[in-house]
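The values are calculated or read from the model by the stated rules, or taken from the named source; none is laboratory data. Because the structure is a prediction, the values reported are computed rather than measured. Don't worry about glycine lacking a Cβ; one is built from the backbone with ideal geometry, like all the others, and counts go over all protein chains shown. Ligands, DNA and RNA are excluded from the accessible area calculation, which covers all protein heavy atoms including side chains. Shrake-Rupley method; radii C 1.70, N 1.55, O 1.52, S 1.80 Å.
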Amino acid sequence: MTGIHKVGIVGAGQMGAGIAEVCARASLDVLVCETDPERVDAARSRVSGSLGRALRKGKLTHEIHDRAIAHLDYTDDLAGMADRDLVIEAVVEDHHEKAELFAALDKVVRSDALLASNTSSIAIINLGMATGRADRVVGVHFFNPVPVMPLVEIVTSLKTSPETVETITDFVASALGKQVITSTDRAGFVVNALLVPYLLSAIRMLESGFASARDIDAGMRLGCAHPMGPLELVDLIGLDTTAAIAESMYEEFKEPHLAPPALLLRMVKAQQLGRKSGRGFFEYA
Ligand code: CAA
């Protein structure tokens, strides 16, 4: 028993929606918040659509599907988070937006509740210090697609208390059934610190005309047994998100190989964001 029964998710893009789905499948009471009212219906469709697909593929029984749907509620009002035991933030990867959201959550969420961020690379201490409860602020970094990937990174800032780490680790492992690794609060944590330089190298390889996108990806898929090539993986993560993670890592370590390549930045500008926009390094129907 983790003591966490009521979970709030703020931001329901592909990561937030996946986290909401995993929490609802675990029979937790889940409230999903999109502060822009126009995005609430899209959030509902994203989560219900994914649960529906799992049902059609025979991965969920009707009973589990219906129970998960019944455990989900949606709002555009952050004040709805007041009674949550844990709120997980999964908004866009932007320092200012996340810090402002944490300050706002601190005002409305019960003072003994935990606030967590699904950030891929932003310092948890910055989010903790935007609140009056830095000891109860922690990183919980899920991987895409959330229902499929078994890992969650727990990220502790200098202020995160051992009790918070214990509670969140128990929650992620016991309630959600995910594997946990822990990381200190360095940009990129464990996985992105290894993964992102590799992804950026693949983009530079394409940019310099070294090889085609198809061949770069085939090389890593067929030569190294990766489930996806690096460019297809950037398309899955989102080119904007990949650029934002690279910016955070470059800002922290100032190493040239962490700077987002010009091609990536130009494609983001052109709104070629990967799967979510229908076009990135590859095209999607
Ligand atoms: N939601 C739920 N389930 C999904 C899914 C989704 N979005 N996408 C795929 N799946 C399921 C499928 O239903 C299927 O399940 P079954 O085998 O039980 O039928 C399984 O995953 C495999 O899917 P597919 O057969 O459709 O396709 P695939 O074999 O090509 O696998 C993949 C798809 C799971 C995405 C696989 O290609 C893969 O593991 N890719 C690498 C993903 C990865 O590296 N993710 C980490 C990204 S980094 C990150 O997230 C952190 C960050 O901060 C950037």
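In this label model, Ser48 and Asp135 are separated by 4.3 nm, measuring between points 7 Å along each Cα→Cβ vector.
A 1.4 Å probe run over the protein chains yields, for the chain, 46 Å² of accessible area per residue, whole-number rounding. Surface composition of the stretch 1-157: carbon plus sulfur atoms hold 52% of the accessible area, using a 1.4 angstrom probe and ignoring ligands, DNA and RNA. Pairwise over distinct Cα atoms, reciprocal of the mean inverse distance: report the Kirkwood radius of the chain in Å, one decimal place. After inverting the pairwise mean of 1/r, the radius is 19.4 Å. Taking the Cβ-Cβ separation of Val165 and Glu38 as r and a Förster radius of 35 Å, what is the calculated FRET efficiency to the nearest 0.05? After rounding, the FRET efficiency stands at 0.40.
For the pair Glu251 and Phe210, a Förster radius of 30 Å applied to the C-beta separation gives a FRET efficiency near 0.65, rounded to the nearest 0.05. Here the gap between Val92 and Asp112, fully extended at 0.36 nm per residue and compared with their Cα-Cα distance, gives a gain of 4.6 nm.
Annotated for the chain: lysine pairs at least 8 residues apart or interchain, Cα distance under 28 Å, count 20. With helices as the sole contributors, the chain gives -13500 deg cm²/dmol at 222 nm; each DSSP H run of n ≥ 4 counts as -39500 (n - 2.57), and the sum is divided by every residue.
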